[in-house]
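Below you'll find the structure, written out as structure tokens, and then a few comments.
The values are calculated or read from the model by the stated rules, or taken from the named source; none is laboratory data. Quantities reported herein were computed from a predicted structural model and do not represent experimental measurements. Here Cβ is always computed from backbone atoms with ideal geometry, including for glycine, and neighbour counts include all displayed protein chains.
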Amino acid sequence: MIPVYQPFLFGREKEYVNECLDTTWISSRGSFISRFEEAFAKYVGSLHATTVCNGTVALHLAMAALGLKAGDEVIVPSLTYIATVNTVLQTGASVVYADSLANGWNIDPEDVRKKITPKTKAVMAVHLYGLPCDMDALTAICKEHNLLLIEDCAEAFGTLYKGRHVGTFGDAGTFSFFGNKTITTGEGGMVVMRDPAMHERAAHLKNQGVSKTREYWHDALAYNYRMTNIQAAIGLAQIEQAEGIIAKKRQLATWYREGLAGLPISIQPELDDCFHTYWMCSALTETTEHRNGVRAALKVAGIETRPLFPPAHTMPHCASDIDLPIAVKLSACGMNLPSYPALTQEQVTQICAVIRTYFTNQTKA
């Protein structure tokens, strides 16, 4: 069996976790929390970062700190993981869906512009599968209309736009460290905020709104979104290996492109001025029938895949009859191929051979 993903845990993870166990600092206090936050902030080029217990609450915390509330509208790409949408709804704000770009698959800035109303408060940029959005266009739109810009970087650790790390363009950037992410803490996430005051507010809200000057005194309606010291220990060991992990994932994408050359299937492109980290090596076929056929052939061969996210506007609890043809087409014809760093060139060759055989049989039929 070749899984679609597995974590790469070949650094100092065990050493650091054992240090937590030996010192008994296993909960949400301990030296690894600050060490991981500092290392992460330095890596992405932010002045500060605050850990949280997963990537979903990272989004919710960022929006809570920024003050999103009922009556506000947030423009969000429909082609995204459902947490992007759920967390907007959890603030009380309304979701306005935007379509995707056919080239690159990320949110279409021109469709964002069309969806702005007097109630629009923020735009959500989701860097899908490790490819950055058009941040020049999105930042210009938000500046022009005085809107907040929130970056969902759950899938984009290490991703750069014009040499700058994603998550640092907007008012807030959020990251996920789930077990299948580029770097992982098992579960976990991170929030970076542009405004130091907003960073302090986020750190306050994630910690039950506890007072800095009075014991067991809570001065705000807040949350328990804290990361554990054990998770942070794993995260620190992971970030020490980040460059190597990202290099391996980019190599996988190159092997896939070479192995699938000449077939009616393409890997998500790396656009100009972008550094794609290929969290998932994602492929697009011309038809849903071909997508399903490729996945079925790979499954028979013991190779796991997964489809692209269903458009959020088609989900029962947040359904909309809006027409977003590109997002729907991408979702219907796209898939994620095995993308974990330890995958070998021989295994990628095997995967590509199965796909090539499928299309050869289709031509004969």
Quick check: anything in the range 311-319 on the phi > 0 side of the Ramachandran plot, surrounded by fewer than 20 Cβ atoms within 10 Å (Cβ to Cβ) and not in a strand (DSSP E or B)? no
Near pairs, Cβ below 6 angstrom, 6+ apart or cross-chain, from the range 321-337 (among the polar types (S, T, N, Q)) to any residue that is part of a strand (DSSP E or B) and surrounded by fewer than 17 Cβ atoms within 10 Å (Cβ to Cβ): Asn336/Arg306
Is there a residue being outside any helix (DSSP H, G or I), aliphatic (A, V, I, L, M) and farther than 22 Å from Ile183 by Cα anywhere in the range 221-238? yes
Working only within the range 7-40, note down all residues that are in a loop (DSSP other than H, G, I, E, B), out of contact with any Gly (no Cβ under 8 Å at 6 or more places or on another chain) and not charged (D, E, K, R). Phe8, Leu9, Phe10, Gly11, Thr24, Trp25, Ile26, Ser27, Ser28, Gly30
Tell me the residue from Thr159, Thr87 that is closer than 19 Å to Gly67 by Cβ, under 16 Å from the mean Cα position of the chain (by Cα) and among the β-branched types (Val, Ile, Thr), please. Thr87
Matching entry among Arg306, Arg291, Arg257 (being closer than 25 Å to Gly179 by Cα and of a type in the set (Lys, Arg)): Arg306
Just to be sure I understand the filter: pairs with C-beta atoms under 7 Å, separated by 6 or more residues or on different chains, first member in the range 138-155 and assigned by TED's automatic domain parsing to the domain that holds Lys181, second member assigned to a loop (DSSP other than H, G, I, E, B) and of a type in the set (A, V, I, L, M). Which pairs pass? His145/Ile116; Glu151/Val166; Cys153/Val166
Looking at Ala197, is it over 12 Å from Thr50 (Cα atoms), in a loop (DSSP other than H, G, I, E, B) and among the aliphatic types (A, V, I, L, M)? no
